[in-house]
Amino acid sequence: IEGHSLPEKLIEKNLEELFRNAKGRIVIATFASLLTRIGEIIKIAEKLGKKVALNGRSMKDNVQIVQGLGYIKAKKGTMIPIEEIHKYRDNEILILSTGTQGEPRSGLMRIASGEHKIVKFKLTDTVIFSSSVVPGNERGVQMLQDDIARQVDEVYNYKLLDIHSGGHAREED
């Protein structure tokens, strides 16, 4: 693709603005392997006084590994088990989830389908896809986003706002 990739600082700025404007809970889905973005999301959440709950096995595993290695350093009390989200006001919660590609058993899909044991979408939730669509997954991702859009007021993706820079360099990079 022609041009330059978007700088991560722009992505972070736009995510922070979405977080600030969210009425209720924030559910943000990104690739569990995009650890630098995950670290920045946690930093922004801390800055805004939000609690972060992880949803999805690979998200939990990857964050635990990088925390153990010291690459992501969350302040005490920032990270909470997803089972404790009900102990806080909705506007204090950020759920960091797997499932950007509409995978049938992913964390986000289980919430959207009503199969999640703890999390059910609320109209006031803001759902953010901080990811692009992997070729071949277009239909599944669109179906997931449509399903979520019927359950919440706000759904954002990289086509609406600069909230994801592709994992592959562009021509000028």
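The values are calculated or read from the model by the stated rules, or taken from the named source; none is laboratory data. Quick caveat, the model's predicted, so the values are computed rather than measured. When we count neighbours, we look across all protein chains shown, and the Cβ atoms used for this are built from the backbone with ideal geometry, even at glycine. Accessible surface areas use protein heavy atoms only, side chains included; no ligands, DNA or RNA. Shrake-Rupley method; radii C 1.70, N 1.55, O 1.52, S 1.80 Å.
Of note:
- Neighbours of Gly68, meaning other residues whose beta-carbon lies under 15 angstrom from its beta-carbon, give a summed charge of +1 when Lys and Arg score +1 and Asp and Glu score -1.
- In terms of packing, defined here as the mean over residues of other Cβ atoms within 10 angstrom, the peptides 103-111, 149-157 line up highest first as 103-111, 149-157.
- Rg and Dmax of the chain, Cα atoms only, in Å: 15.2, 48
- Estimated from helices alone, the mean residue ellipticity of the chain at 222 nm is -10000 deg cm²/dmol (sum of -39500 (n - 2.57) over DSSP H runs with n ≥ 4, per residue).
- Of the residues Leu123, Leu48, Leu18, ranked by 1.4 Å probe accessible area with the largest first, the sequence reads Leu123, Leu48, Leu18.
- Put the Cα centre of region 27-41 next to the Cα centre of region 64-114 and the gap is 10 Å.
- Here the 3J(HN,Hα) profile of region 140-153, calculated from phi with Karplus coefficients 6.51, -1.76 and 1.60 at θ = phi - 60°, is x, 5, 5, 5, 5, 4, 5, 4, 5, 4, 7, 10, 10, 6 Hz, Gly and Pro shown as x.
- In this structure the amide hydrogen of Val155, modeled in the peptide plane, comes within under 5 Å of the amide hydrogens of Val127, none closer than 5 places in sequence on its chain.
- Ratio Rg/Rh [Cα only; Rh per Kirkwood] for region 1-96: 0.98
- Environment charge of Leu34, counting only residues whose C-beta is closer than 13 Å and scoring Lys/Arg +1, Asp/Glu -1: -2
- When each of the peptides 137-146, 76-85 is scored by how many other beta carbons lie within 10 Å of its residues on average, the order from highest to lowest is 137-146, 76-85.
- A straight Cα-to-Cα reach below 17 Å connects Lys73 with the lysines Lys43, Lys47, Lys50, Lys51, Lys60, residues fewer than 8 places away in its own chain not being considered.
- Eigenvalues of the alpha-carbon gyration tensor of region 42-110, scaled by 5 and square-rooted, set the equivalent ellipsoid semi-axes at 20, 17, 10 angstrom, largest first.
- Value of relative contact order over region 83-173, rounded to a whole percent, pairs C-alpha under 8 Å and six or more apart: 26 percent
- Placing +1 on the Cβ of every Lys and Arg and -1 on the Cβ of every Asp and Glu, with no other charges, gives region 27-171 a dipole of roughly 500 debye about its Cα centre.
- Ordering of 63-75, 33-45 by packing is 33-45, 63-75, highest average first (other Cβ atoms within 10 Å, averaged per residue).
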